[in-house]
Amino acid sequence: MKKIADNTIKFKLYSPIAAVMTGEKGLQTLTGADLLPYRDAIQAALDSVPVPKEQGLMAYFTGMPSVGKKVRALHPAVEELDGKLWGVAVCEASEFLSNAEIYELKSFCEGQYGNAWGDVVRMRKQAVPGGDLEVRFWQSNAFRMKTEREMGLVKPPADKTAITHIDKDSFWALIAESKQCCGQNTELAADWLCEQLQALPPEEIVRFDAFFHRFQNEADRYGLWSAACVMRDGCSDDGFMDFRAWLVGQGKEVYLSALKDPDTLANFDLQGDCLCESMGYVASRAYEEKTEGGDLYSVKLSEELKQELHEAGNEAVCGEVTRIPMEWADMPKYLPKLCVKYRTPEELRFRSRFPMWNYGSPAIQAAFRAVGKQIPKEKQNRGGKDR
């Protein structure tokens, strides 16, 4: 995705195309390089289909509201890459899209290609030397649309640090580079990281994933969950997992500082919703692409890597506040700066009316005992987060 002068973001989605030639040699199915001589005829078939000039196919989009709001236009075309002719959806957007939104847009295109718009294109046969050409933007066999990154068309910066082996230091170095390239856009950073990992051997992708989840799991602390609740006005179990993935993606300084004292998150300029589910799947996506369908989670970790992970986790020092399962009424005491930055006193008083934790859970009871806190009798039968 690239921003142009008027802040419009332009990007492309690529897909294989085919055509059926009916002529002197009977029926012939053409793909890839065989289609290059007919590029102009294929484009003429696309141009002959009446669609709104400004929006293109987005005029017919009725899916995820955020996609409809962000993507202004989508125009199908063809493009030559590596000696083959590809279908390409040329898109214009006002904001960067998340992975979920990209998936939604791909699904919409596939629906249009397979039916609706694609049916009209097939009927617009073009007379070419040797017969008539019927263009097919969708095929039933393993059809898949790809982003520019997935096609390998987005290149890393020329001054990019060459990382060939993943340990705790190079892990954080890659995270830092993703921040430099993508700023606060964590979804874009996840795509960038996926691209970088695909340039590494599969075993190094496994190592990146192992370090990521070691740090994500180390952040599974009650004080950080409480911080996430303040920053987001509540945070579910799944939401806290995505919050921790987002936290790792903020880089070593923010991460280690937050583990020591969650209230330090108020010191940083953190934008967005503080969640990034896709960051947790960066390595598995990269591994699947690199190995053409391989399952990263079926790979056993070596004893040497397990020891490295143990040592890396020990460097993440948790402060006392990080271990405390707080009540909403406790937040101003333990997280004063976050409360001032993200919540009003009225919001905190309203939240205090509801239970924060599942007080009947043995894990919650143990957590309270570990920090010398008592669960009030009136709350012992009330439930909240079950941890």
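No value in this document is a laboratory result; all are computed from the given coordinates. Predicted model, so just to flag it, every value in this text is computed and none were measured. Methodologically, a virtual Cβ is constructed for each residue, glycine included, from the backbone with ideal geometry; neighbour enumeration extends over all protein chains shown.
See the values below:
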| quantity | calculated |
| --- | --- |
| Kirkwood Rh and Cα Rg combined as Rg over Rh, evaluated for the chain | 1.07 |
| Nearest-0.05 FRET efficiency for LYS10 and HIS213, computed from C-beta distance (R0 41 Å) | 0.75 |
| Rounded to 5, the percent of DSSP beta bridges in the chain classed as antiparallel | 95 percent |
| Total formal charge among the other residues, if their Cβ is under 13 angstrom from that of THR344, Lys/Arg +1 and Asp/Glu -1 | +1 |
| Size-normalised alpha-carbon gyration radius of segment 236-338, reference 2.2 N^0.38 Å | 1.30 |
| D (Stokes-Einstein, µm²/s), Kirkwood Cα radius, segment 177-253, 0.692 mPa s at 37 °C | 243 µm²/s |
| DSSP loop GluC sites (Glu not before Pro) with at most 15 other Cβ within 10 Å excluded, longest remaining stretch of the chain | 96-291 |
| Stretch gain in nm, segment SER107-LYS341, where the contour uses 0.36 nm per residue and the Cα spacing is subtracted | 80.3 nm |
| Pairwise FRET efficiency - GLN374 versus VAL120, Cβ, R0 = 56 Å, nearest 0.05 | 0.20 |
| For segment 21-124: Kirkwood Rh in Å [reciprocal of mean 1/r, alpha carbons] | 15.0 Å |
| GLU95-GLU253 pseudo-label distance in nm [points 7 Å out on the Cα-to-Cβ vector] | 2.7 nm |
| Centre separation in Å (Cα based) which lies between segment 40-108 and segment 228-259 | 34 Å |
| At 1.567 mPa s and 4 °C, Stokes diffusion of segment 243-303 via Kirkwood alpha-carbon radius, µm² per second | 95 µm²/s |
